[in-house]
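In what follows, a single structure is set out as structure tokens and then discussed.
The values are calculated or read from the model by the stated rules, or taken from the named source; none is laboratory data. Model, not experiment: these values are computed from the prediction. With ideal geometry, Cβ positions are generated from the backbone for all residues, glycine too; neighbour counts draw on all protein chains shown. SASA here: full protein model, heavy atoms, side chains in, ligands and nucleic acids out. Shrake-Rupley method; radii C 1.70, N 1.55, O 1.52, S 1.80 Å.
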Amino acid sequence: MFAIEARKLGYRVHTFSPESDTPTGQVADIETTASYADLDAVRTFARSVDVITFEFENVLSATVEAAAESTLVHPRGEILHTTQNRLREKIFLSTNGFPVTPFRRIKAIDDLFRAADEIGLPGVLKTAGFGYDGKGQAKISARGEIDTAYAAMNGQDAVLEAFVYFEKEVSVVCARGIDGEFTSYGVIENRHANHILDVSFAPAIVSEQVFNEATELARNIAETLRYVGTLCIEFFLTKDEKLIVNELAPRPHNSGHLTFDACVTSQFEQQVRAVCGLSLGSSEFHRPAAMANLLGDLWKNGEPDWAAALRDPNVKLHLYGKAEPKPGRKMGHLTAMAASADVAAKTVTDARNRL
Ligand code: AMP
């Protein structure tokens with residue numbers, strides 16, 4: 001989706017990935033297939049482009065440093081280093097005064113028993129690195145569950161977080177330009193199924209105060225990071241209207257995919273504009289909108305019936321071109337606009353049910 005927007009603006013795209021025939025590779029001018037650890041390949045790639053950005057934050061620091069020797073990299077390697085590790089990210093957020101749930105670093109099982117006493121249970125134990133969509137996570141409700149939860153971390157560095165009894169989950173997708181210009185898509189409401197984002201809709205059903213606080217927090221986080229590009233901040237919203245930052249995604253985010261159809265400028269175009277040093281576009285919504293994810297599970301009886309979903313003329317289909325539909329793998333999404341966000345959410349879920 002980034003490459004499509006870049007091509008619309010007349011840019012040529014060169015993508016670098018450990019895999020071949022990737023969704024980006026299918027629309028890019030050139031696809032380099034090499035490991036992120038192959039620094040010679042990274043340097044050759046970097047010399048061939050004017051600016052580098054990411055669609056995924058788990059790129060090694062050494063890779064980003066090698067790339068930055070010869071070209072611009074946005075967001076900076078230092079930001080990826082912070083956001084690709086839950087512990088570093090939480091330390092960054094808490095030391096800068098942003099609201100996070102109490103957390104402790106876990107390096108050994110004794111740390112976990114102590115942390116459980118200090119911050120209380122239930123808690124969620126998460127690997128510090130390489131976790132997404134609930135992978136590498138275990139909820140601990142009682143002390144008797146500590147041994148099993150710790151064993152599931154396989155000796156990796158982890159974080160214990162106090163469990164948040166949230167009312168809903170929301171996100172703010174925003175963009176910051178090279179000169180500090182800032183824009184956001186307001187507050188998007190997110191519903192998860194099995195820890196994976198299922199449906200997003202905008203505007204979120206939240207008070208004006210929550211809307212303003214969430215967008216101000218996003219602006220301040222982007223400022224503090226001196227961020228360039230599209231950034232997503234995921235929040236928990238508690239019953240007493242407190243916002244807690246769950247995590248940052250230093251890239252266009254799944255909850256912002258609805259902006260591709262619903263906004264004057266999509267989150268992907270904002271990313272292109274920001275990293276290329278252009279002014280940001282308007283983030284205004286044409287109408288309230290919703291998005292439903294299409295996971296690989298939908299393929300269990302063969303190719304889903306796309307024609308059935310598209311029978312509603314308000315529904316748009318996006319398929320990413322991923323080779324293999326595995327359970328839990330995000331293969332595409334549906335979007336729709338309507339007079340209200342909840343009608344749009346019903347439209348996309350009804351369409352998905354017809355698949
Ligand atoms: P994450 O990978 O950290 O985004 O977690 C995936 C999902 O697990 C979140 O979207 C929440 O639904 C749930 N979750 C994660 N951390 C917590 C927590 N501390 N308290 C309650 N639910 C959580």
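For this structure, a couple of remarks:
- Pair-distance distribution of the chain: all C-alpha pairs, bin width 20 Å, starting at 0; shares per bin in whole percent are 28, 60, 12.
- For the residues 22, 44, a 1.4 Å probe over the protein chains yields an accessible-area ranking, largest first, of 44, 22.
- Computed accessible area, residue 286, all protein chains, 1.4 angstrom probe, square angstrom: 110 Å²
- Fluctuation leader among 240, 297, 342 - the chain, Gaussian network, Cα springs under 10 angstrom: 240
- Using the rule -39500 (n - 2.57) for each DSSP H run of four or more residues, divided by the residues of the chain, the 222 nm mean residue ellipticity is -8500 deg cm²/dmol.
- Local charge for residue 350 was computed over the other residues whose Cβ lies under 12 Å away, with Lys and Arg +1 and Asp and Glu -1, and equals +3.
- Charge tally for residue 201 (other residues, Cβ to Cβ under 14 Å; Lys, Arg +1; Asp, Glu -1): -1.
- Cβ-derived FRET efficiency at R0 30 Å, residue 43 paired with residue 301, nearest 0.05: 0.05
- One chain, two ends: residue 343 and residue 178. Fully extended at 0.36 nm per residue, the span grows by 55.7 nm beyond their Cα-Cα distance.
- When 56, 45 are compared by accessible area at a 1.4 angstrom probe, the order from most to least is 56, 45.
- Using a Gaussian network model of the chain in which every pair of alpha carbons under 10 angstrom is joined by a spring, one finds that among 274, 323, 202 the greatest mean-square fluctuation is at 323.
- Within a straight-line Cα-Cα reach of under 17 Å, residue 322 can be paired with the following aspartates and glutamates, leaving aside sequence neighbours fewer than 8 residues apart in one chain: 19, 21, 31, 55, 297, 303.
- For the chain, relative contact order (Cα pairs under 8 Å, six or more residues apart, normalised by length) works out to 14 percent.
- Annotation: residue 243 carries an accessible surface of approximately 10 Å², with a 1.4 Å probe and no ligand, DNA or RNA atoms counted.
- Pairwise centroid distance, computed over Cα atoms, of segment 70-148 with segment 170-188, Å: 24 Å
- Segment 238-355 - percent of accessible surface contributed by carbon and sulfur, probe 1.4 Å: 49 percent
- Bridgeable lysines around residue 139 (alpha carbons under 16 Å apart, same-chain partners fewer than 8 residues away excluded): 126.
- The residues of segment 166-353 expose on average 41 square angstrom of accessible surface per residue, using a 1.4 Å probe on protein heavy atoms.
- Local electrostatic count at residue 218 - Lys and Arg +1, Asp and Glu -1, tallied over other residues with Cβ under 12 Å: -2
- Highest mobility in the GNM of the chain, judged by mean-square fluctuation with C-alpha springs under 10 Å and restricted to 169, 324, 161, is found for 324.
- Translational diffusion of segment 102-162 was estimated from the Stokes-Einstein equation, with Rh taken as the Kirkwood radius over Cα pairs; at 25 °C and 0.890 mPa s the coefficient is 223 µm²/s.
- Largest-first ordering by accessible area, 1.4 Å probe, given options 283, 207: 207, 283
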